[in-house]
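Enquirer: Below you will find the structure I want to go over with you.
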Amino acid sequence: MSLAARLATGPGRSIAWRLTLLLTLLLTIAAAGTVVAALSYGQTAATRAFDRLLTGAALQIAERISVVEGETVIDIPLSAFGLLSLASEDRIFYRIIGPEGQTLTGDETFPLPDASAVGEGPLLYDTAFSGEAVRAIKMQRFLAERAVRGPITVIVAQTLRARSELASEIVARAVIGVVVAGGVTLALALLAMHLALSPLRRIERAILARDPKDLTPFSTTTPREVEALVAAINRFMARLDRRVGAMQDFVADAAHQMRTPITALRAQTELAMEEDDPRKLKTLQRRIRDRAIGVSRLTDQLLSHALVTHRADSATLEQIDLRRVAVEAEREARRTGGAEGIELDLPADPVMVQGDAFSLREAARNLVTNALAHGKRPVRLRVSVTGDGKALIAAHDQGGGMSAVQLERIGERFARDASNPQSAGLGLAIVAEVAGFHHGSIRTATVPGEGFEVGIELPLAEARPTGNPEGDAV
Amino acid sequence: MTRSLVPLAVVGFLLLQSSGSAEAAETIIRFEARAAQSGDLVIASVTDLDFMRPLIAAFQDFNPGISVTYIEDTSNNLDASVSSACADRGFFADLVISSSIAQQVRLVNGGCAREIGSPVVANLPDWAQWRGELIGLTYEPAVMVYNKAAFSETEPPRSRFDLIDLMRQSGDLNGRIATYDIEESGVGYLFAFQDSTEASTWGRLIEGFGRNSVATFCCSSEVIDRVADGRAHIGYNVLGSYAQSRADKDPRIGVVLPTDYTLVLARAGYIPREARNAVAARLFLELALSPRGRTILDGETHLLTPLSGPAALAGSGGDEEPAFRPIPLTPALLVSLDRAKRAQFLSQWRKSVTPPTP
């Protein structure tokens, strides 16, 4: 299981848990790195420190080599060995070689450095002598006397006990330091994390403490990192609030709007049952039919209105061709009846808008139904691009149009024509709602002699390359 | 005092060794196990058997099943034997004890020793142990002995300054100063070498020795003999253990711990790498530093131990407390053994001490 997967499935996938795990992991890596560095540093430091002793001792010995009366005199100073004895537990070896390669004093068998590593200056090298690893220095002093001429080689060596002790001491201290520092850092980091995450817990408490009916936005001050989250919650609650409101409106509207016509229908039906006169009965039957159509349309429009309201909140807008919307709306209107003989007036080129196909279709259907109900045939459903670059879908009829009062109240719900029992007064309200959430507007035009036109004007969608309907707007 | 120890067999060998001109004696004495034999401990030493006998007896009190073979030789011979055994990785002894501590340090430096691995090592002062392989067992000051009769009128010298003054002022001391032959004696050389590093008095001292025709001898006992019978008035740099135990019995000699500084030598012991009975050797070393061992060493032998020595010697210097300078067991002692250094030092000694041939 990968780390990412492990993190994702940790207990409760808590942020605190993830942070703890990641921090521990990072600190462990850092600590391991430090220990590795300390190991190498400890070795280097110990080697350097004791190499200095070795160099110092060799220098002191080399300095005391002289030529007296034609003889090479080697007067090993006590201080040189005193210096080496600072590494109190280590064995000391030395060898001094004359110009001809003869060992003048010291351990005759002490190994010289590899021939490949010869140099002018002092040379430090590792070797083994008398059963133990040793660190040695080779240093040369050139004698230029009448009797003795050439290099005197001084080799001083020491076993490694003090070096390894120092190195392990350095490492041990580093490890202790790293472990302590790591522990403290982790503890502080966890504390800091706890403090940093406390706003989340505050928000959590605020949500839990809330009255279930309270859908107002949170006013708690929130850190910037969770502002988006709280804003999303607030937006969600606002939508929920609207939805609940719409639902309540719908129920209230439905109850109010349905009761009256259904009561009327019942009364007419009862009248019809009492009526014996066939002619009067026929009239009553027609009235009952008209009323039934009205109730049917009202139901249809109430549901349509509820759906459109719902989609205004939830539907995703997509690129659609208004011509297609018109064609489908016409077909739908025809299927529900009473819409025969509608003309479609469509341009040759697609009229693309950003919108919800269902809502636009409902709006177009209501435009047509409205024209059929209140206008004068023939009714024409027209799609066009206006002069100022907007898309228009409108229903045209030959009637006289609306009165000034009606125009003023256009889009209001139940602004019905009292004289017409088939009108539910919701058609243009639906149209207005659809126009609203498409960032469009209702347009009316009355041309004397040519009739009345009402429709929705929408912004045209930005031109997209054809063949890529998904789009690549990122 | 009657000794409780009676060796079941005392085998003495007097072997003539053909190493150079020096006649050397190797003595081997065997102390049989007192109970069923379970092991043998071979001790090689330069210490006189009389000094070691009580310790060996005590050791066998605790370990009756172990027989002890005691090999005694001069320091140089012992060093040669032990070195060659070490070089050949052969067995020579389970325990090597010598007052020639520079040679002991050289052997340990050469990897001839093994870790003792005993808690007694940690109890010792730093100067009395090295690498946990070599430990100091005694605390023996380098003293001056004097003939009491010769100094009945005047004060005996209390310090090197007194001795130098005495040698300058009067001709009485001519031919009457005895000391080690530092070419022959390892201990004598060590004391002389330490003297030369310790203070500037050394140059004036050997100059005085030369002017007064110093007599040199192989061993402390010979120096003490001459002082006792009056042939010499002063013996310089004599091992305090020998001097004090002689002075206990012989009223003719007095012992002086020089007040300017008193060198202190700790005979050093180590267990060779090739020891066969390292366990017994370790037990022996532990015994020597145990309360029982300390009682023995602090007793009539006056060997003392590094643990008990400072307290035992305190107050023995009279009015002025001597400054004790224990010779630390460190590789710095190797310098004194360096061929070139030794040759220079001895030649300086000879030039000063040997009277110019007429």
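The values are calculated or read from the model by the stated rules, or taken from the named source; none is laboratory data. Here the structure is a predicted model, which is why all the values come from computation and not from measurement. As a convention, Cβ positions derive from the backbone with ideal geometry for all residues, glycine included, and neighbour counts pool all protein chains shown.
Enquirer: Return only the number of the condition from (1) surrounded by 12 or more Cβ atoms within 10 Å (Cβ to Cβ); (2) in a strand (DSSP E or B); (3) of a type outside the set (Asp, Glu) that A:Phe142 does not satisfy.
Expert: (1)
Enquirer: Still on this structure, I have one more. Has segment A:127-137 got any residue that is in a loop (DSSP other than H, G, I, E, B) and away from chain B (no Cβ under 14 Å)?
Expert: no
Enquirer: When the residues of segment B:81-139 are narrowed to those that are within 18 Å of A:Arg161 (Cβ to Cβ) and within 16 Å of the chain's Cα centre (by Cα), which ends up surrounded by the fewest Cβ atoms within 10 Å (Cβ to Cβ)?
Expert: B:Leu134
Enquirer: Report whether or not A:Thr263 is modelled with pLDDT of 80 or more and part of a helix (DSSP H, G or I). Can you show your working first?
Expert: Working: modelled with pLDDT of 80 or more: yes; part of a helix (DSSP H, G or I): yes.
Yes: the conditions hold for A:Thr263.
Conditions tested, residue by residue: (1) in contact with a His (Cβ under 6 Å, 6 or more places away or on another chain); (2) small (Gly, Ala, Ser); (3) in contact (Cβ under 8 Å) with a residue 40 or more places away in the chain.
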| site | (1), (2), (3) |
| --- | --- |
| A:Gln301 | no, no, yes |
| A:Gln319 | no, no, yes |
| A:Arg331 | no, no, no |
| A:Gly355 | yes, yes, yes |
| A:Val368 | no, no, no |
| A:Ala395 | no, yes, yes |
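Enquirer: For residues that are over 13 Å from B:Gly136 (Cα atoms), among the small types (Gly, Ala, Ser) and crowded, with 21+ Cβ neighbours inside 10 Å, tally how many sit in segment B:259-294.
Expert: Within segment B:259-294, residues that are over 13 Å from B:Gly136 (Cα atoms), among the small types (Gly, Ala, Ser) and crowded, with 21+ Cβ neighbours inside 10 Å number 4.
Enquirer: Then there's this: Do we find a residue being in contact with a strand residue (DSSP E or B) (Cβ under 6 Å, 6 or more places away or on another chain) and under 22 Å from A:Val73 (Cβ atoms) anywhere in segment A:130-138?
Expert: Yes, segment A:130-138 contains at least one residue that is in contact with a strand residue (DSSP E or B) (Cβ under 6 Å, 6 or more places away or on another chain) and under 22 Å from A:Val73 (Cβ atoms).
Enquirer: Hand me the list of strands (runs of 3 or more DSSP E) wholly inside segment A:51-124 holding 1 or more residues that are more than 10 Å from every other protein chain (Cβ to nearest Cβ) and in contact with a strand residue (DSSP E or B) (Cβ under 6 Å, 6 or more places away or on another chain).
Expert: Details: elements: A:65-68, A:71-74, A:92-97, A:103-106.
The strands (runs of 3 or more DSSP E) meeting that bar are A:65-68, A:92-97.
Enquirer: Still on this structure, I have one more. Scan segment A:93-134 residue by residue and report those that are aromatic (Phe, Trp, Tyr) and in contact with a helix residue (DSSP H, G or I) (Cβ under 9 Å, 6 or more places away or on another chain). So that I can check it myself, show each step before the final result.
Expert: Filtering segment A:93-134 down to residues aromatic (Phe, Trp, Tyr) leaves A:93-94, A:110, A:125, A:129.
Answer for segment A:93-134, where residues must be aromatic (Phe, Trp, Tyr) and in contact with a helix residue (DSSP H, G or I) (Cβ under 9 Å, 6 or more places away or on another chain): A:Phe93, A:Tyr94, A:Tyr125.
Enquirer: Another question, if that's okay. Is it true that B:Ala113 is farther than 30 Å from B:Ser159 by Cβ, touching a helix residue (DSSP H, G or I) at 6+ places or on another chain (Cβ under 8 Å), in contact (Cβ under 8 Å) with a residue 60 or more places away in the chain and within 14 Å of another protein chain (Cβ to nearest Cβ)?
Expert: On the way: farther than 30 Å from B:Ser159 by Cβ: yes; touching a helix residue (DSSP H, G or I) at 6+ places or on another chain (Cβ under 8 Å): yes; in contact (Cβ under 8 Å) with a residue 60 or more places away in the chain: yes; within 14 Å of another protein chain (Cβ to nearest Cβ): yes.
So B:Ala113 fits the description; yes.
Enquirer: To continue, here is another question. If you check A:Val178 against the conditions, is it more than 10 Å from every other protein chain (Cβ to nearest Cβ) and touching a helix residue (DSSP H, G or I) at 6+ places or on another chain (Cβ under 6 Å)? Walk me through it before giving the result.
Expert: Details: more than 10 Å from every other protein chain (Cβ to nearest Cβ): yes; touching a helix residue (DSSP H, G or I) at 6+ places or on another chain (Cβ under 6 Å): yes.
Yes; evaluated as a whole, the condition is true for this residue.
Enquirer: A:Thr222: surrounded by 12 or more Cβ atoms within 10 Å (Cβ to Cβ) and not assigned by TED's automatic domain parsing to the domain that holds A:Leu39, yes or no?
Expert: Details: surrounded by 12 or more Cβ atoms within 10 Å (Cβ to Cβ): yes; not assigned by TED's automatic domain parsing to the domain that holds A:Leu39: yes.
Taking the combined requirement at face value, the residue satisfies it.
Enquirer: Have a look at B:Ser100, B:Ser83 and point out the one that is assigned by TED's automatic domain parsing to the domain that holds B:Val68 and closer than 14 Å to B:Ile327 by Cβ.
Expert: Working: B:Ser83 fails: closer than 14 Å to B:Ile327 by Cβ.
The unique qualifying residue is B:Ser100.
Enquirer: Right, another one. Identify, by number, the condition in (1) hydroxyl-bearing (Ser, Thr, Tyr); (2) modelled with pLDDT under 90; (3) surrounded by 12 or more Cβ atoms within 10 Å (Cβ to Cβ) that A:Ser2 doesn't meet.
Expert: The failed condition is (3).
Enquirer: Against the condition hydroxyl-bearing (Ser, Thr, Tyr) and within 30 Å of A:Val180 (Cα to Cα), how does A:Ser85 come out, does it pass? Let's see the steps before the verdict.
Expert: Details: hydroxyl-bearing (Ser, Thr, Tyr): yes; within 30 Å of A:Val180 (Cα to Cα): no.
No, not satisfied.
Enquirer: Another question, if that's okay. Please go through segment A:317-369 and pick out each residue that is modelled with pLDDT under 85 and of a type in the set (Gly, Ala, Ser).
Expert: Selection gives A:Ala333, A:Gly337, A:Gly338, A:Ala339, A:Gly341.
Enquirer: Evaluate segment A:87-110: report whether one residue or more is under 60 Å from the mean Cα position of the chain (by Cα) and of a type outside the set (A, V, I, L, M). Step through it out loud before you land on a result.
Expert: Here is the first cut: in segment A:87-110, the ones under 60 Å from the mean Cα position of the chain (by Cα) are none.
Within segment A:87-110 (the criterion being under 60 Å from the mean Cα position of the chain (by Cα) and of a type outside the set (A, V, I, L, M)), the answer is no, since none of the residues qualifies.
Enquirer: Here is a further query. Regarding A:Arg202, is this residue within 25 Å of the chain's Cα centre (by Cα), assigned to a helix (DSSP H, G or I) and free of Cβ contacts under 8 Å to residues at least 24 places away in the same chain?
Expert: On the way: within 25 Å of the chain's Cα centre (by Cα): yes; assigned to a helix (DSSP H, G or I): yes; free of Cβ contacts under 8 Å to residues at least 24 places away in the same chain: yes.
When the stated conditions are applied, A:Arg202 passes them.
Enquirer: For segment B:39-83: of the residues being more than 16 Å from B:Phe284 (Cα to Cα) and outside any helix (DSSP H, G or I), which is modelled with the lowest pLDDT? Write out each step before concluding.
Expert: Going residue by residue through segment B:39-83, those that are more than 16 Å from B:Phe284 (Cα to Cα) are B:46, B:48, B:50, B:72-83.
Checking which are outside any helix (DSSP H, G or I) leaves us with B:46, B:48, B:72-74.
Numbers: B:Val46: 87, B:Asp48: 76, B:Glu72: 91, B:Asp73: 88, B:Thr74: 83.
So, considering only residues that are more than 16 Å from B:Phe284 (Cα to Cα) and outside any helix (DSSP H, G or I), the one modelled with the lowest pLDDT is B:Asp48.
Enquirer: Which pairs have Cβ atoms under 7 Å, sit 6 or more apart or on different chains, and link a residue in segment B:88-105 that is at positive phi to one that is in a loop (DSSP other than H, G, I, E, B)?
Expert: Every condition considered, the pairs that remain are B:Arg89/B:Glu274.
Enquirer: Looking at B:Phe193, is it within 14 Å of chain A (Cβ to nearest Cβ) and either at pLDDT 90 or above or under 22 Å from B:Ser75 (Cα atoms) (or both)?
Expert: Working: within 14 Å of chain A (Cβ to nearest Cβ): yes; either at pLDDT 90 or above or under 22 Å from B:Ser75 (Cα atoms) (or both): yes.
When the stated conditions are applied, B:Phe193 passes them.
Enquirer: While we're looking at this one, here's another question. I'm trying to understand the selection: among the residues of segment B:309-357, which are modelled with pLDDT under 90, away from chain A (no Cβ under 14 Å) and closer than 29 Å to A:Arg91 by Cβ?
Expert: Hits for segment B:309-357 are B:Gly309, B:Pro310.
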